[in-house]
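Derivation of every value follows stated rules applied to the coordinates shown; laboratory data play no part. For clarity, every value in this text was computed on a predicted model and none was experimentally measured. Reconstructed Cβ throughout: ideal geometry from the backbone, glycine too, with neighbour counts over all protein chains shown.
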Amino acid sequence: MHPVAPTVIVIPTYDERENIAAAVASVHEHLPDAHVLVVDDASPDGTGVLADALAKADERVHVLHREQKDGLGGAYLAGFAWALERRYEVVGEFDADGSHPASALPAMRDALLRSPGIGLSIGSRWVRGGRVIDWPKSREALSRAGNTYARLMLALDVHDATAGFRLYRAELLELLDLATVVSKGYCFQVDLTVRAVATGYRIVEVPIEFRERTLGTSKMSRSIVIEAMGVVTVWGAARIFGRPGRWLAARLGTPAIPRRSQYAPAR
């Protein structure tokens, strides 16, 4: 039988054999009642095989195999669909590379469940008490600037809209029209943040200490961030200028972003 708020943490993987066992163990160390879903994109290094072994040894671990590498956004969407079909009430995002502190999971879930009007809890680097470890100043500046730009262009009251450490209420995910999400990578998190705000659910940010991975290779690059900011510019145009911007957003496969005044009131 599941606990009162059955929880599953989705971990997307591609060539994370060095990290996946430790990532799963860290989740269970701090949130022992949670299930873990590893979504593996046919990793050539055997990550999926190792994940299958972890699942065989622990009934709290599940594995979803995809046929090819299709980006972070696609992996999370597949994981969300799997979780909603199985009626989990809390669905999380968690990186396999050790950058997200699993020790923050209990506080993040407590914050999410504090009120039925809260739909998303974000492990945030850029609120008071949050910080990054082992990042060069240039990367920190780029991330801060990207988040500030997204806040201004999209009128978001969220300091870390690009964060990939999150817990969602299942009810919120069901409202996000996930079938229309085409965003990949860095922009995926911003897309879902905008959609979450538009539902009227509130978002809380819990400060975390984010660490650079020590094993494996990062999939993030400056070009990915710059490309994402271009997409945010188009979404901002949809919010600010109305019809022309909405046409551009539609061309990207993204639903029109309502002006701030059109957001539903917080529940």
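When only the Cβ of Lys, Arg, Asp and Glu is charged (+1, +1, -1, -1), the dipole of the stretch 36-79 relative to its Cα centre reaches about 80 debye. Less than 10 Å Cβ to Cβ from Val181, Lys/Arg counted +1 and Asp/Glu -1: what total charge do the surrounding residues give? Summing Lys/Arg as +1 and Asp/Glu as -1 gives 0. Given R₀ = 22 Å, FRET efficiency for Leu142-Thr233 by Cβ-Cβ distance, to 0.05? Efficiency at R0 = 22 Å is approximately 0.85.
Positive-end ranking of Gly79, Leu37, Val61 along the dipole of the stretch 28-90, with charges on Cβ about the Cα centre, is headed by Gly79.
Subtracting the Cα-Cα distance of Asp58 and Asp70 from 0.36 nm times their residue separation leaves 1.6 nm of extension gain. Taking only alpha carbon atoms, the stretch 1-77 gives an Rg to Rh ratio of 0.97, where Rh is the Kirkwood radius. In units of the rule-of-thumb radius 2.2 N^0.38 Å, the stretch 7-217 shows an alpha carbon radius of gyration of 0.95.
Nothing charged except the Cβ atoms of Lys and Arg (+1) and of Asp and Glu (-1): what's the magnitude of the dipole of the stretch 7-217 about its Cα centre? Round to the nearest 20 debye.
700
Is the shape of the stretch 51-108 best called rounded, prolate or oblate, per the rule: a/c under 1.5 gives rounded, else a/b larger than b/c gives prolate, else oblate, with a ≥ b ≥ c the square roots of the Cα gyration tensor eigenvalues? Judged from the Cα gyration tensor, the stretch 51-108 comes out rounded (a/c under 1.5). Computing FRET efficiency as 1/(1 + (r/R0)^6) for Ala42 and Ala81, where r is the C-beta to C-beta distance and R0 is 30 Å, gives about 0.95.
Using θ = phi - 60° in the Karplus curve 6.51 cos²θ - 1.76 cosθ + 1.60, the 3J(HN,Hα) couplings for the stretch 13-29 round to 9, 8, 6, 10, 4, 5, 10, 5, 4, 5, 5, 4, 4, 5, 4, 6, 5 Hz; x is entered for Gly and Pro. Under the classification rounded if a/c is under 1.5, otherwise prolate if a/b is larger than b/c and oblate if not, where does the stretch 88-201 fall, given a ≥ b ≥ c as square roots of the Cα gyration tensor eigenvalues? Judged from the Cα gyration tensor, the stretch 88-201 comes out oblate (a/c at least 1.5, b/c at or above a/b). Grab the other residues whose beta carbon is less than 10 angstrom from that of Arg125, score K and R as +1, D and E as -1, and report the net. Once positives and negatives cancel, what remains is -2.
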